[in-house]
Structures are given as structure tokens and as C-alpha cells.
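Every number in this text was worked out from the coordinates using simple rules, so none of it is lab data. Treat the numbers as computed from the prediction; the structure is a model and nothing was measured. Cβ sites come from the backbone with ideal geometry, for glycine too, and all protein chains shown count toward neighbours.
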Amino acid sequence: MNKLLVSIEVPSIERNFDLFIPINKKMGTIKKYVIKSIHELSGGILTKKTYSFFDIDTGVKYGNNVYVKDSGIKNGARIIII
């Protein structure tokens, strides 16, 4: 399995998105990909600025330099963008 399906919650625009993310990329790269995708999916509502990603269930903040496969993110993970 090369990708994980995660649920992304964005409180600032009051929307949720389900996205596939690759496991062999660093979280910093994934953050850029996710923000760009949500910007497009939301019709430009989400602005492109710096956001932090947290696991909703554990409160763990995901750093930019860790690979997704080493971050603890699993299929079905719920991530909040703040």
C-alpha cells in the first residue's frame, strides 16, 4: 500500500475532506500538497499560508521532516489543520 486515506478537518472554513496521501513523502511536502488540494476543492476559500497539522484523536503535531510512513498516520486517520 503506497497511499493512505485520511480525513482532513479544516475548522477555518468549516469543511472536511477525504484525501489519499503517499507514504513515501515527508510531511512538509504532504502539507503543501494537502493545502493546495483543499484550496482548489474549496473554490479558493482556504488561503495559502502556514498551517500546522495535528492528529485529532491524539493531539500529536506532525513535523515537516518526518516521512508519512514513520509519522504514525494510519488509514482512516483524522487530521485537523490549524
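Which of the trypsin sites (Lys or Arg not before Pro) across the range 10-82 are loop residues per DSSP, with 10 or fewer other Cβ within 10 Å?
K49, K74
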If we count other beta carbons within 10 Å of each Cβ, what is the order of L19, L46, fewest first?
L19, L46
List the GluC sites (Glu not before Pro) within the chain that fall in a DSSP loop (any state other than H, G, I, E or B) and whose Cβ has at most 12 other Cβ atoms within 10 Å.
E14
Globularity index of the range 3-81, i.e. its alpha-carbon radius of gyration over 2.2 N^0.38 Å:
0.99
Helix-only [θ]222 nm of the chain, DSSP H runs n ≥ 4, -39500 (n - 2.57) each, per residue, nearest 500
-6500 deg cm²/dmol
Relative contact order of the chain: what whole-number percent is it, with Cα pairs under 8 angstrom and at least 6 residues apart?
41
Roughly what angle does helix 27-41 make with the longest principal axis of the chain, taking Cα atoms, 0 to 90 degrees, to the nearest 10?
30
